[in-house]
Structures are given as structure tokens and as C-alpha cells.
Amino acid sequence: MAINIVSDEFPLKVFHATPRATVGWGAYQMAGVEAKRIGIEHALLVTTGLKGTGIIDEIKGVLNHAGVEVTIFDKVTSNPKDYEVHDAYKVYKEAKCDGFVSVGGGSAHDCAKAVRIVETKGGQSIRDFNGVNDFEVPVNIPHLAITTTCGTGSETTYACVITDTDKKFKMLIFEPSAYATRALVDPALMRSLPPKLTAFTGIDALVHCLEAYTSRLNVVTSWAIGLYGIEIISKNLRDAFANGNNAKAREAMAWAQYCGGHAINSGAACVVHSIAHSLGGLLDGPHGLCNSIALVPSQRFNYIASPEKFANVARAMGVDTTGMTTIQAAERAVDELEKLIKDLEVTETFSELGLQEDNIDQVAEYAFRDFCTMANPRDLNREIIKDLLRQCM
Ligand SMILES: [Fe+2]
């Protein structure tokens, strides 16, 4: 169904660059060559550790084989914290590294981007860069991002999300020069993702595609990439969840997460991410899990604001909408999302993450003030967000 592309709300669009990426089986074996090509002689390898997978030892070996020295910083956690950024910066300086290799999902990539910002700004606190930046002197410290989850897309984006641990607030740091220099996206590294993490990160990718497609920024390239990403995910995420060794599904999900990153990089995320950021900052709720919980209530609220797009989402998810009105088809999209969440056995609630009636005001306040809120297709206020939060409890 054709969508009217005229937009008077955000008439000027900004298309952000994405780094050169190599996608496919065995891409990680290019790590040494790629690191060398972008000028890294001594890498700080930034990671959560990925314990039990053997991935870090393997990539360190590939880098060393190419003559790249490696110092490992493996203290990054989910919802990476401001002090982790500065701890990594200290190791980077002490070891006299000259570039970064981040290995993992969004936490590792975002932490590496943030350390590069700190180094570019001479050691200044990462807390000084919350919001939209546009540095006169760009971030040009080489960074190779190697992705191991099917959700983040962070290897393509110019943003990093870091928790201010004093305010318990997730900062959205946008700096157009902060994207990684090059990226490797390898489904082979995703095979060890357990089913739960496959589900949560896969839903994160779905939310990137969906929110960028339905956002009121109306960036046409994000529509194309986002809508196709939704189709790939609805056809493959269940298979990747049910059988982690399903090569076809793993490869499809590697592409899907890459599509999601491209889509939000210019098209923006919306209220699901506002809520996930707030829960992540205040209660350290895992990003993909928060998205998975918030997805259905928020889209049941949103779909009437953009029925043509949601009808297209239904079709991308395999619904035969013949004979349906546009609004009926749009509602079916939300039903399909709900069915996917059930099939992936997401039964957690925000109450289990620590959300209670006495902290709901603060969670809603942070979510309302989040950058993503202004892109949401349907108007929001604090009371609506509180209602959405209560539905997730
Ligand atoms: Fe996300």
C-alpha cells in the first residue's frame, strides 16, 4: 500500500553514514586484516567477556596472527555504565593502544564509541556529551566493531547509549563522527547465543525496524530497510530461537539486525525504546527484554496513528489482508506481534525487573523526556506512558 511521503512535521531529513561492513559466514576471520587496514597496531578489545563461547580467544588469535597487539577490557556490562567507559579509557591510555576492536552486542560497541569520544575530548567526562553533539574535531580513532548478537545494529549507528550512574539515567549520545570505522557481522558468532538471548536481541532488531518504519520522522530509506527487516525477522526468528544451529535462520537474523541498525540510524526509534532506556537506567533492565515486554502494549496504542503503515507491517509478517479494511489489517499487525512474543516464550514482566507503583512516576518521567518519545507516531504524555508501564507489570 502506497504511503504519502509528504511530511510537514519533519520536512528536512538527515541521512547518516554507516561504516563499511562485511556480512556473512567467516567475516570475523577478516578481523586482523581489517584492523590493520584502518591503522590499528595495538587494539583495546572491548567486550563483556562472552564467557564460555571461546569467541574472544578466537578473535584475539586472529588479530595477533595479523600482527595486531591486543589488550583486553572485558568489564563492560549490560546497559554500559559511565565508570566502565572511564575504566576502559584508563586501560587504553596505560597500555598505549591506538585503536579499538569491540566484540559483542550494543553494550561493547557503545562503550568503545564512548571511550573514543572521551579520548577525542582529552579525557573529559562522558557525562558531558548527553544529547546531540557535532564536534568540530571529529572522532577519528580507528574502531572495528564485530557483532555477535542478532539485535544491536550498533555497529552501523552513530549513537551510543551509556548509563549516568549518579542520575540512574541512560544518556543517548549522538555524535555524527562516532560511528565505528568498519564492521564485521558474522552469523557464525551468533550460533552460541542461547534461546532467551536470541529472542530478546531478535525482538530488539524487530523493534528497530518497526519503530524506524512507523516513526513520525518519515525517512523513506528507513521505511524500505525497516519493512524488509520485519519480513526477514517474522520468517526466521522463531527458527533461530528453536534451533540455534539453523544456519539459514542465523544468517537471516544477522542481516535483520543489520537492517534494524540502518533503519534507526536515520529513521529514529520510538516509545518502546523510550521505555526500555528508562527501565535500563533506573533498574538495569536488559535492553532486549524491556523491548520485548513493552512491544505489544505500545503498538496496540500506536497503530491507529498510522494504519497504512501498520497494514503493511501485517503483510510483511505474512498476513493475507485481502478483504480487510486498512484499520482491520493494521490491528492484525499487532496480533501478529503478540503471537510472535508468545511463540518466543517471553513471559517476563516489568514487576519482575523491579518496577513498582512507587517508582512508576520516575520511570515515566525519564521515558517521556527520552529523545525517542518525540518520534513516536502517536502523541504521548506522562499519563499515557504510566498506563503503558502498568500494562507491562
Ligand atoms: Fe534497541
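The values are calculated or read from the model by the stated rules, or taken from the named source; none is laboratory data. Bear in mind that the values here come from a model prediction, so they are computed numbers and not experimental data. Glycine gets a Cβ as well: all are built from the backbone with ideal geometry, and neighbour counts include every protein chain shown. With ligands, DNA and RNA removed, areas are computed over all heavy atoms of the protein, side chains included. Shrake-Rupley method; radii C 1.70, N 1.55, O 1.52, S 1.80 Å.
How big is the dipole moment of the chain about its Cα centre under a simple scheme where the beta carbon of each Lys and Arg is +1, that of each Asp and Glu is -1, and everything else is neutral? Debye, nearest 20, please. Can you show the working numbers first?
Details: 37 positive and 47 negative charges, 131 e Å.
Value, rounded to 20: 640 debye.
Shown here for the range 1-82: trypsin sites (Lys or Arg not before Pro) in loop regions (DSSP other than H, G, I, E, B) with at most 12 other Cβ atoms within 10 Å, namely LYS51. List residues of the range 280-312, by number, whose backbone nitrogen lies under 20 Å from a label position 7 Å along Cα→C-beta of THR326. Once the point is set 7 Å along Cα→Cβ of THR326, 299-312 turn out to lie under 20 Å by backbone N, inside the range 280-312.
For GluC sites (Glu not before Pro), the sites in the range 4-83 that DSSP calls loop and that have at most 12 other Cβ atoms within 10 Å are GLU9. For the pair GLU58 and ASP379 in one chain, pulling the backbone fully straight at 0.36 nm per residue adds 110.8 nm over the alpha carbon distance. Taking a straight line from the alpha carbon of LYS96, these lysines sit under 29 Å away, with near neighbours fewer than eight places off in the same chain left out: LYS36, LYS51, LYS60, LYS75, LYS81, LYS113, LYS121. Coordinate range of the alpha-carbon atoms in the chain per principal axis, descending: 62, 43, 42 Å. To two decimal places, what compactness ratio does the range 116-242 give when its Cα radius of gyration is scaled by 2.2 N^0.38 Å? That ratio works out to 1.19. Per the Cα gyration tensor, the range 20-190 maps to an equivalent ellipsoid with semi-axes of 23, 16, 15 Å, ordered largest to smallest. The residues of the range 233-279 expose, per residue, 27 Å² of accessible area to a 1.4 Å probe. Of the accessible area of the chain, computed with a 1.4 Å probe over protein heavy atoms only, carbon and sulfur atoms account for 52 percent. Check the straight Cα-Cα distances from LYS309 and name the lysines below 22 Å, setting aside those fewer than 8 residues away within the same chain. Within the straight-line limit of under 22 Å, LYS309 reaches these lysines: LYS13, LYS235, LYS339. The alpha carbon convex hull volume per residue for the range 195-391 rounds to 100 Å³. Phi angles across the range 83-97 convert, under the Karplus curve 6.51 cos²θ - 1.76 cosθ + 1.60 with θ = phi - 60°, into 3J(HN,Hα) values of 5, 5, 4, 6, 5, 5, 4, 4, 5, 4, 6, 5, 7, 6, 6 Hz, Gly and Pro given as x.
Bridgeable aspartates and glutamates around LYS386 (alpha carbons under 16 Å apart, same-chain partners fewer than 8 residues away excluded): GLU357, ASP358, ASP361, GLU365, ASP370.
For the range 292-297, backbone phi angles converted through the Karplus equation (6.51, -1.76, 1.60; θ = phi - 60°) give residue-by-residue couplings of 4, 6, 7, 4, 5, x Hz, Gly and Pro being listed as x. Applying the criteria of a DSSP loop state and at most 15 other Cβ atoms within 10 Å to the GluC sites (Glu not before Pro) of the range 90-198 yields GLU136. The residues of the range 98-168 expose on average 30 square angstrom of accessible surface per residue, using a 1.4 Å probe on protein heavy atoms. For the chain, averaging the sequence separation of C-alpha pairs within contact (under 8 Å, six or more residues apart) and dividing by the residue count gives a relative contact order of 16 percent.
Put simply, the amide H of ALA21, placed in the peptide plane, has neighbours under 5 Å in ALA183, leaving out anything fewer than 5 places away on its chain. Run through the DSSP bridge list for the chain and note the antiparallel percent, rounded to the nearest 5. For the chain, the DSSP antiparallel bridge percentage is about 20. Phi angles across the range 169-174 convert, under the Karplus curve 6.51 cos²θ - 1.76 cosθ + 1.60 with θ = phi - 60°, into 3J(HN,Hα) values of 9, 7, 7, 9, 9, 10 Hz, Gly and Pro given as x. Along the chain, the longest continuous region that contains none of the chymotrypsin sites (Phe, Trp or Tyr not before Pro) in a DSSP loop with at most 15 other C-beta atoms within 10 Å is 136-393. Here's how it looks for GLY105: its modeled amide H is under 5 Å from those of THR148, which are all 5 or more places away or on a different chain. Here MET393 and LYS90 are evaluated by their C-beta separation; at R0 = 56 Å the FRET efficiency comes out at 0.90. Under the definition of Cα pairs under 8 Å and six or more residues apart, what whole-number percent is the relative contact order of the range 164-302? Averaging sequence separation for qualifying contacts and normalising by length gives 32 percent for the range 164-302. Residues whose amide H comes within less than 5 Å of that of HIS143, counting only those at least five positions distant or on another chain, are PHE100, THR181, ARG182 (H built at 1.01 Å from N in the peptide plane).
When all alpha-carbon pairs of the range 276-393 are counted, what percent fall beyond 24 Å? Every Cα pair in the range 276-393 considered, those over 24 Å come to 30 percent.
Stretching the chain fully between GLU41 and THR71 yields a gain of 9.7 nm (0.36 nm per residue, less the alpha carbon separation).
Using the alpha-carbon centroid of each, what span in Å lies between the range 258-335 and the range 57-82? If we compute the Cα centre of each part, the gap is 34 Å.
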